[in-house]
1. I'd like to verify a number: residues in the stretch 203-212 that are open to solvent by 10 Å² or more (accessible area, probe 1.4 Å) and in a loop (DSSP other than H, G, I, E, B), how many?
2. Got a number for residues in the stretch 283-341 being open to solvent by less than 10 Å² (accessible area, probe 1.4 Å), without any contact (Cβ under 8 Å) to a residue 24 or more places away in the chain and closer than 14 Å to Trp467 by Cα?
3. Here are some conditions: (1) under 26 Å from Phe174 (Cβ atoms); (2) at pLDDT 80 or above. Thr78 meets all but one. Which one does it not meet?
4. Using the structure shown, decide if Phe347 is closer than 25 Å to Asn436 by Cβ and over 23 Å from the mean Cα position of the chain (by Cα).
5. Name the single residue, out of those in the stretch 87-136 being surrounded by fewer than 17 Cβ atoms within 10 Å (Cβ to Cβ) and basic (Lys, Arg), that is modelled with the lowest pLDDT.
6. Within the stretch 137-173, can you find the residues that are of a type in the set (D, E, K, R), farther than 26 Å from Tyr264 by Cα and surrounded by fewer than 20 Cβ atoms within 10 Å (Cβ to Cβ)?
7. Report the residue count in the stretch 301-320 for those that are touching an Asp or Glu at 6+ places or on another chain (Cβ under 8 Å) and at pLDDT 85 or above.
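The values are calculated or read from the model by the stated rules, or taken from the named source; none is laboratory data. In this text, all values refer to a predicted model and were calculated from it rather than measured experimentally. Glycine gets a Cβ as well: all are built from the backbone with ideal geometry, and neighbour counts include every protein chain shown. Side chains included, ligands, DNA and RNA excluded: accessible areas come from the protein's heavy atoms. Shrake-Rupley method; radii C 1.70, N 1.55, O 1.52, S 1.80 Å.
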Amino acid sequence: MKCLCFLFYFLFVNIVFSLPFSPHSEAKEITQSDLYYAQKYIKQFYTLGDGSEGLLESKDSLSGKIKEVQQFYGLQVTGKLNHETIEIMKVPRCGVPDLAQYRLYPGKPRWKKSIVTYRVVNYVPQLSYFEIENAIWRAVNIWQKTIPLNFVRVHNIEADIMISFERRVHGDNFPFDGRGGTLAHAFSPGPGIGGNIHFDREENWTVRRYGVNLFHVAVHEFGHALGLGHSSHRSAVMYPTYKYRQSNIISLSWDDIRAVQNLYGTIQIYNQESAEPVIPDKCDPSISFDAVTKAHGEILFFKNEYCWHKYQQVADAKITLIQDVWLDLPSNIDAACEIPGEDTAYFFKGSQFWTYNRYKYSQNSSQSIYLFGFPAYVKQIDAAIFLQHTKKIIFFVGNLYWSYNVKLKTMEYGYPKWISSSWPGINGRIDAALQNNGLFYFFSGSQLYEYDYWRKEIVRTLNSNSWLGC
């Protein structure tokens, strides 16, 4: 995090070349530029405050520092500057030094109050106001659910945690280095600059897979703002290097939770009725789902407050809380449906629906399902499915179904119709439906029916959780 003047390049190069390297084929890969980079990296992340900043001219001390890097990242500890060590040094990362294998900041600084305020000071042009605010709010919420600390967003006043996008030298003695390299840094809890979070303004900030995902980096930096150092566990949010996790889904590892609860304790539940909801057992043979849909290359299974995310090429599924992904979406939804070409997803509960574009809330509030043209006696939707070949949404309600023309934005004439008239063999209530690889799938209780629309018959019957690795 701390950028230092490097005055010993010539001496450093001679020392490093005198170190015992790996076999000759690997030694050829180490260039003089690599050596300079390694010196800068070690001084920035492995010598801060330990009295060794001026000792890198010593062959033994430099080898010891290389060992520290290798040990932290789980590499083979040789003390030799090799290709594997250089590669890990060049991965974009957080600007906070790697203090040790998951230790807290010296003195264990923490917020000694129950309410901590935060404020977003400025923005970047490549993201909208809402995208930035949403990414920060979701990052805050990841930690807030784990500890008895409440975060409050404030405007136009000094906050405990001031969040800003900065460029190069920006007044805290820890300048940024432009695109790549150091992405952000944060300060441990305390007065003044304590707790503040700075993002490098020159990065290509996004809320998607490409570029640098602001939400992912913000979750990490809030860990520092709470008082956590770096973790050497690759699955931890507090691992120092940047890694895009699938979709916009992040959950704390046991290592993250253990560390932050070491500082703040656990959430005390005084009313058992207000306890955290029990995570459903996805492999329960009697399980049924509230809604199932495809979105952005994954299949989503909704149950109570939770959602499983399943990629077809991956055997298992990842579970998240619904509100960790879809801000303001309620639990226990009735139906869900995505329109792939528009990257739009509709979620239904009771007589209301919510619209999201690529996980972003696109409406100010929920809207009435009667905007689709339903008669007044329809009080909720059981299931919804977008038909790729007709570009229409089919809504299932009891034994009936409606067809909605997405292009004309109107309910089609002649509906409702009986479900059994178009899908012979589907007689029970439909909980969820989707189209996948040319076939239709109807979820009804604990059963999943694979249906061939053109042959008008059930191909096979499966358990509703058969895609979840059970």
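1. 6
2. 1
3. Against the list (1) under 26 Å from Phe174 (Cβ atoms); (2) at pLDDT 80 or above, Thr78 comes up short only on (1).
4. Criteria not met by Phe347.
5. Checked the stretch 87-136; the qualifying residue modelled with the lowest pLDDT is Arg103.
6. Arg167, Arg168, Asp172
7. So the answer is 4.
Residue-wise test of (1) in contact (Cβ under 8 Å) with a residue 12 or more places away in the chain; (2) open to solvent by 50 Å² or more (accessible area, probe 1.4 Å); (3) under 25 Å from Ala317 (Cα atoms).
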residue: His389; (1), (2), (3): no, yes, no
residue: Phe395; (1), (2), (3): yes, no, no
residue: Trp402; (1), (2), (3): yes, no, no
residue: Val406; (1), (2), (3): yes, no, no
residue: Met411; (1), (2), (3): yes, no, no
residue: Trp423; (1), (2), (3): yes, no, no
residue: Ser444; (1), (2), (3): yes, no, yes
residue: Asp452; (1), (2), (3): yes, no, no
residue: Ser464; (1), (2), (3): yes, no, yes
